[in-house]
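The values are calculated or read from the model by the stated rules, or taken from the named source; none is laboratory data. Please read all numbers here as calculations on a predicted model, not as lab measurements. Ideal geometry is used to build each Cβ from the backbone, glycine not excepted, and the neighbour counts take in all protein chains shown. Heavy atoms of the whole protein, side chains included, go into the accessibility calculation; ligands, DNA and RNA do not. Shrake-Rupley method; radii C 1.70, N 1.55, O 1.52, S 1.80 Å.
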Amino acid sequence: MLSAVNAMGQTALFEYPTAPDTCSTIESRCNYSVQHFWDKCELTRPFDARNDSLLMEAMLTYFDIMRAGANVNVSLSSVRDLMFKAQANHDNFLRLASVAEYLLYYHDFDFIDDLYITFAQAVADASWVKKDMRNHYASQVKRLNSSKLGQVMADFEFTSITGAKKRLSDCKSPAKLYVLLFSDNDSGSSIERMRLSTDVAFSQAVESGQVEVINILATDVPKKWDSDSQSYSATWVVGASKDVTTKLDLRIMPCLYILDEDFKVIAKNKTVDFLKNLMRGN
């Protein structure tokens, strides 16, 4: 596929659309650009592997327009239409999904969950795609649906540090904010846990009951957990559940989820620094 020049005069995989003057609002201009973004992309012809960087740029531009003010439903409809048309060339179809996956899991692009789910579901539903790949994307859809922004976090079971079986729903308290810290046995997790537990402002919020911390080791129950118990804050709920890695959308480790008082996800896959800045109002 030959490169073209976009509306800004830059090298592009194909020419990007320019909204007409009749689109008088930011939303209408973004909606038009999203709906017509791929019009001049020849989806039936194979993407040249040498132009992978240009395809990445096109996808980033596409998503940036969505974030600039396009209606969510218009954006989702555009992705569905793109993936439907892309099936005319199976390699292109899979490459589009692969780029979207890269941006979500390795580029830390701030996707709307439903946007990536639309890409992944298209692959999972395509009967011609190999079973292991369909299962891969179907698994992503399942994890994303169980822990989507704006929705109630899926309930899950864990083993507490005392050995008792508990569920997330058992941790309900008068707190206004719940912090789910998913970690592993890596030293990086230990350091981040310590940074959070020793933060004065955050600790005060926990001790006052405004914030409830639930630290889940995304591993089997540690054999020497009793001897390690002193390294965990006494004000935190601590547990272990290896299953969370297959049930929830955990892209980084350690991984922070922030829930409201009704257990709705208000932030996800965040770092300790993000939380500390949030507590300080930054």
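Key figures
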quantity: Some residue of region 232-241 being among the small types (Gly, Ala, Ser), at pLDDT below 90, more than 30 Å from HIS107 (Cβ to Cβ) and open to solvent by 10 Å² or more (accessible area, probe 1.4 Å); calculated: yes
quantity: Close pairs (8 angstrom Cβ cut-off, 6 or more residues apart or separate chains): free of Cβ contacts under 8 Å to residues at least 12 places away in the same chain in region 200-215, open to solvent by less than 70 Å² (accessible area, probe 1.4 Å) anywhere; calculated: none
quantity: Meets criteria (among the basic types (Lys, Arg) and modelled with pLDDT under 95) for ARG80; calculated: no
quantity: Residue that is among the acidic types (Asp, Glu) and over 11 Å from the mean Cα position of the chain (by Cα), where the choices are ASP110, ASP132, ASP114; calculated: ASP132
quantity: Selection from region 48-85 of residues that are of a type outside the set (S, T, N, Q) and farther than 25 Å from CYS23 by Cα; calculated: ASP48, ALA49, ARG50, ASP52, LEU54, LEU55, MET56, MET83, PHE84, LYS85
quantity: Candidate set: region 20-58, residues that are assigned to a loop (DSSP other than H, G, I, E, B) and within 22 Å of VAL72 (Cβ to Cβ); chosen: the one least open to solvent (accessible area, probe 1.4 Å); calculated: PHE37
quantity: Identity of the residue in region 212-226, under 25 Å from ARG251 (Cβ atoms), open to solvent by 10 Å² or more (accessible area, probe 1.4 Å) and not acidic (Asp, Glu), that ends up modelled with the highest pLDDT; calculated: ALA218
quantity: Any hit, region 252-261, residues being surrounded by fewer than 13 Cβ atoms within 10 Å (Cβ to Cβ) and either within 22 Å of LYS172 (Cβ to Cβ) or among the polar types (S, T, N, Q) (or both); calculated: no
quantity: Failed item, numbered, when VAL265 is tested on (1) modelled with pLDDT under 95; (2) within 15 Å of ILE214 (Cβ to Cβ); (3) open to solvent by less than 40 Å² (accessible area, probe 1.4 Å); calculated: (1)
quantity: Single match in VAL79, VAL72 (criterion: open to solvent by 20 Å² or more (accessible area, probe 1.4 Å), among the β-branched types (Val, Ile, Thr) and under 23 Å from ARG29 (Cβ atoms)); calculated: VAL72
quantity: Complete set of residues in region 24-50 that are touching a Lys or Arg at 6+ places or on another chain (Cβ under 8 Å) and modelled with pLDDT under 95; calculated: LEU43, PHE47
quantity: Residue selected from region 152-163 under the condition open to solvent by 80 Å² or more (accessible area, probe 1.4 Å) and not hydroxyl-bearing (Ser, Thr, Tyr), by the criterion nearest to the chain's Cα centre (by Cα); calculated: VAL152
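Okay, residues lined up against (1) over 25 Å from the mean Cα position of the chain (by Cα); (2) basic (Lys, Arg); (3) not in a helix (DSSP H, G or I):
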site	(1), (2), (3)
SER189	no, no, no
ALA201	yes, no, no
GLU212	no, no, yes
ASP262	no, no, yes
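Residue-wise test of (1) in contact with an Asp or Glu (Cβ under 7 Å, 6 or more places away or on another chain); (2) of a type in the set (Asp, Glu); (3) crowded, with 20+ Cβ neighbours inside 10 Å.
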{"site": "LEU103", "(1), (2), (3)": "no, no, no"}
{"site": "TYR116", "(1), (2), (3)": "no, no, yes"}
{"site": "SER127", "(1), (2), (3)": "no, no, no"}
{"site": "LYS130", "(1), (2), (3)": "no, no, no"}
{"site": "HIS136", "(1), (2), (3)": "no, no, no"}
{"site": "LEU144", "(1), (2), (3)": "yes, no, yes"}
{"site": "GLY150", "(1), (2), (3)": "no, no, no"}
{"site": "LYS165", "(1), (2), (3)": "yes, no, no"}
